[in-house]
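See below for the structure under consideration.
The values are calculated or read from the model by the stated rules, or taken from the named source; none is laboratory data. Small disclaimer: the values here were computed from a predicted structure and weren't measured. Positions of Cβ are generated from backbone atoms using ideal geometry, with glycine treated the same way; all protein chains shown enter the neighbour counts.
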Amino acid sequence: MNDLANSFMTGPDEQGRFGIFGGRFVSETLMPLILELEEQYERAKTDDSFWAEMDFLWKHYVGRPSPLYFAERLTDRLGGAKVYMKRDELNHTGAHKINNVLGQIILARRMGKTRIIAETGAGQHGVATATVCAKFGLKCVVYMGAHDVERQAPNVFRMKLLGAEVVPVTSGRGTLKDAMNDALRDWVTNVRDTFYCIGTVAGPHPYPAMVRDFQSIIGKEAKEQMHEAEGRLPDTLIAAIGGGSNAMGLFYPFLDDKAVNIIGVEAGGKGVNAKMEHCASLTGGRPGVLHGNRTYLLQDEDGQILEGFSISAGLDYPGIGPEHAWLHEIGRAQYVSITDKEALEAFQLCCETEGIIPALEPSHALAHVMKIAPELPADHIICMNMCGRGDKDIFTVAKHLGVDMAGGEGRVMD
Amino acid sequence: MTRIDATFARLSAEGKKAFVAYIMAGDPDMATSLDVMRGLPAAGVDVIELGLPFTDPMADGPTIQLAGQRALEAGMTLEKTLEMVRAFREGDSDTPIVLMGYYNPIYARGVDRFLAEAQDAGIDGLIVVDLPPEEDAELCLPAQAAGLNFIRLATPTTDDKRLPKVLQNTSGFVYYVSITGITGAAAAQAADVAPEVARIKAQTDLPVIVGFGIRSPESAESIASVADGCVVGSAIVAELGAGKPPADVLAFVKSLADGAHSA
């Protein structure tokens, strides 16, 4: 039993806050909607039939539990800590995103909503949302930055095949944050029939807590599986962070296991420098208010939001979930950054040693594993979250490695 | 009593409706925008709503968002917006100014510092779109304590149960958002707005001003006739966005003001 007074798992408070982070910074039009959502979610959370439906679909539709896999050759190559991967890239649709989407769509159906909207960066959340909407016959509209539409063409086509309408967002700078702005504008306009399915642990309360709860299946399974494999807890958890939903899902069930080190890996882009060519909100930003919550943001002196920069479209967001901001401030989790170059090296090493083509997002987590594992003893256990598969990224990677995919002559590994 | 309270008291005594005009500070540049602002009172504007540019205006449509981008590209900041208000106040000490925007630039400046500077510059009230009553401790209560009005939005989704909460810490006037949606979108219909205004007035003595979706002298007149006044924003900002000179923009503003005042 957890000691409640010293628990890290009791947040958010009634105001939707984790410390000073989180909250409900939305326009009045949306306020009644998020209050209704909170009430309905609280009801569903304690309803066995809700979780029974989730469990059934997690098992038969998503393919859970995802394996906890001992990466033996990678471990040997790094020559230090034992590396395990939580294989959420094996989920239906190829990433962790569907864990959360299932929960929100089942909730939306209970609330009688018939139209689902979502924002997407890399397209993984968009694909997961389009997928579940197709399964339930719901209308689906996905907002995606025009720049991302271009660099994630396969996912755009997937969403269209699944019957979703993909709206390229050109307002602002046409990136993930602008896609979120446009999704909020849609919601504020279509308040009666529309459910906004947010893809990460950000946004106004109750989204950060709700998305975390749905993604926590990752950490719950990992804990049990690690117990079966090693008879104990892992020593270190590592996950990549854009908004932070796969990380929060892995971390949350371990927050009160205080011997477990928790490390979140932000996208360092070209390096966390004054030119802001990165997406490391915690290491390079400061607290501010955007998209319904207070959290660490990339912003200028005047409070204007800056564009992030990363090779990975899924990490390309100038903010981070408020619970991460809080875990950072109280020191329960440590946050580091990894550059594009380091992530690309990890991507290649993973392909070569494990026969797994990782997405660029978990490649950041893996790059940090590569950094620390060699220095750690052989009985130190690392569990990293392999939160997505890399099929969507092969064009981006080829481009960065100077390979002409059309010609087919380039050699990736040397 | 703020300039806002005084203005509404005067209008009420004269039996006149209020006309509120919105422009974005620094759009397309600070000098032009100050020229337009200085001409607003003579064009019949009773209350000036001055937009504070922000990169991510989630409640605004493309017209206002583009105006904010133009302003930011021309170097506008919160500090320069306050400078613009001070410059305006040199020649006008009566017209109420409401600063309208989003919380982050204010939060970045620091609430206490901002409130002191805003009051010193001659700002009378604030509309901060992303601060609902649930977040009153952030800025609303400190602003009221500092003597500034905090004007809240009420919307079609604000039901009777919630309305008292929305009205509780509101001062100056109540801004009724006539549609569910963003600025510059669908047109408001007086027939739909009238019962909503009555619903709000049944619970408050504050003036109720209606905005969103009003773009012509005719709609300004018809909406103002069922409320205490109306706000026009996007339609004015669009004129500036089309590159019209300040004199032409002000002539359009006058036609809107005349419409509202004939209600």
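Table for the structure above
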{"item": "Number of the exception - B:ALA59 against (1) modelled with pLDDT under 95; (2) assigned to a helix (DSSP H, G or I); (3) aliphatic (A, V, I, L, M)", "result": "(2)"}
{"item": "Failed criterion for B:ALA116 (all others in (1) farther than 23 Å from B:ALA21 by Cβ; (2) assigned to a strand (DSSP E or B) hold)", "result": "(2)"}
{"item": "Residue in the range B:76-98 that is outside any helix (DSSP H, G or I) and within 14 Å of chain A (Cβ to nearest Cβ) present", "result": "yes"}
{"item": "Count of residues meeting criterion [in contact with an Asp or Glu (Cβ under 9 Å, 6 or more places away or on another chain) and part of a strand (DSSP E or B)] in the range A:337-382", "result": "5"}
{"item": "In the range A:7-16, residue farthest from the other protein chains (Cβ to nearest Cβ) [restricted to those that are free of Cβ contacts under 8 Å to residues at least 60 places away in the same chain and not β-branched (Val, Ile, Thr)]", "result": "A:ASP13"}
{"item": "Members of the range A:17-27 that are in a loop (DSSP other than H, G, I, E, B), within 7 Å of chain B (Cβ to nearest Cβ) and of a type outside the set (A, V, I, L, M, F, W, C)", "result": "A:SER27"}
{"item": "Filtered residues of the range B:49-67 (kept if surrounded by fewer than 23 Cβ atoms within 10 Å (Cβ to Cβ) and more than 10 Å from chain A (Cβ to nearest Cβ))", "result": "B:THR63"}
{"item": "Residue list for the range A:352-365, restricted to those being of a type in the set (A, V, I, L, M, F, W, C) and touching a residue at least 40 places away in the same chain (Cβ under 8 Å)", "result": "A:ILE356, A:ALA359, A:LEU360, A:ALA365"}
{"item": "Search result, residues across the range B:82-102 that are of a type outside the set (Gly, Ala, Ser) and more than 15 Å from the chain's Cα centre (by Cα)", "result": "B:LEU82, B:GLU83, B:MET84, B:ARG86, B:PHE88, B:ARG89, B:GLU90, B:ASP92, B:ASP94"}
{"item": "Residue list for the range A:335-350, filter: under 14 Å from A:THR75 (Cα atoms) and free of Cβ contacts under 8 Å to residues at least 60 places away in the same chain", "result": "A:ALA346"}
{"item": "Residues satisfying the stated conditions in the range A:181-237, i.e. surrounded by 24 or more Cβ atoms within 10 Å (Cβ to Cβ) and in a loop (DSSP other than H, G, I, E, B)", "result": "A:CYS197, A:ILE198, A:GLY199, A:THR200, A:VAL201, A:ALA202, A:GLY203, A:PRO204, A:HIS205, A:PRO234"}
{"item": "Strands (runs of 3 or more DSSP E) wholly inside the range A:248-306 containing at least 1 residues that are within 14 Å of chain B (Cβ to nearest Cβ) and either farther than 30 Å from A:MET226 by Cβ or among the charged types (D, E, K, R) (or both)", "result": "A:286-290, A:292-297"}
{"item": "Odd one out for B:GLN69, checked against (1) of a type in the set (S, T, N, Q); (2) touching a Pro at 6+ places or on another chain (Cβ under 9 Å); (3) assigned to a loop (DSSP other than H, G, I, E, B)", "result": "(3)"}
{"item": "Listing of strands (runs of 3 or more DSSP E) fully contained in the range B:129-213 that carry 1 or more residues being more than 30 Å from A:GLU14 (Cβ to Cβ), more than 9 Å from chain A (Cβ to nearest Cβ) and out of contact with any Ser or Thr (no Cβ under 6 Å at 6 or more places or on another chain)", "result": "B:208-211"}
{"item": "A:GLU38 vs. criteria of a type in the set (Asp, Glu), in contact (Cβ under 8 Å) with a residue 60 or more places away in the chain and under 27 Å from B:ALA154 (Cβ atoms)", "result": "yes"}
{"item": "Any chance A:VAL142 is in contact with a Ser or Thr (Cβ under 6 Å, 6 or more places away or on another chain), crowded, with 16+ Cβ neighbours inside 10 Å and at pLDDT 95 or above", "result": "yes"}
{"item": "Qualifying residue in the range B:75-83 (condition: β-branched (Val, Ile, Thr) and crowded, with 21+ Cβ neighbours inside 10 Å)", "result": "yes"}
{"item": "Test: residue in the range A:129-149 that is touching a Lys or Arg at 6+ places or on another chain (Cβ under 9 Å) and touching a residue at least 60 places away in the same chain (Cβ under 8 Å)", "result": "yes"}
{"item": "Single match in A:LEU78, A:LEU102, A:LEU30, A:LEU35 (criterion: over 15 Å from A:PRO208 (Cβ atoms), within 14 Å of chain B (Cβ to nearest Cβ), surrounded by 20 or more Cβ atoms within 10 Å (Cβ to Cβ) and of a type in the set (A, V, I, L, M))", "result": "A:LEU30"}
{"item": "Lone qualifier among B:THR183, B:THR157 - being closer than 23 Å to B:GLY101 by Cβ and surrounded by 22 or more Cβ atoms within 10 Å (Cβ to Cβ)", "result": "B:THR183"}
{"item": "One residue from A:GLU342, A:GLU301 being over 16 Å from the mean Cα position of the chain (by Cα), over 30 Å from A:ILE20 (Cβ atoms) and at pLDDT 95 or above", "result": "A:GLU342"}
{"item": "Test: A:THR170 is within 14 Å of chain B (Cβ to nearest Cβ) and either buried (at least 18 other Cβ atoms within 10 Å of the Cβ) or not basic (Lys, Arg) (or both)", "result": "yes"}
{"item": "Residue under evaluation B:ALA260, criteria (1) in a loop (DSSP other than H, G, I, E, B); (2) under 22 Å from B:GLY39 (Cα atoms); (3) in contact with a Phe, Trp or Tyr (Cβ under 9 Å, 6 or more places away or on another chain), criterion not met", "result": "(1)"}
{"item": "Helices (runs of 4 or more DSSP H) fully within the range A:65-137 counting 2 or more residues that are over 19 Å from the mean Cα position of the chain (by Cα), over 14 Å from A:GLY199 (Cβ atoms) and at pLDDT below 95", "result": "none"}
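A quick yes/no check of all residues on (1) in contact with a Leu (Cβ under 9 Å, 6 or more places away or on another chain); (2) without any contact (Cβ under 8 Å) to a residue 12 or more places away in the chain; (3) closer than 19 Å to B:ALA224 by Cα:
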residue	(1), (2), (3)
B:SER12	no, no, yes
B:GLY26	yes, no, no
B:ASP29	no, no, no
B:VAL47	no, no, yes
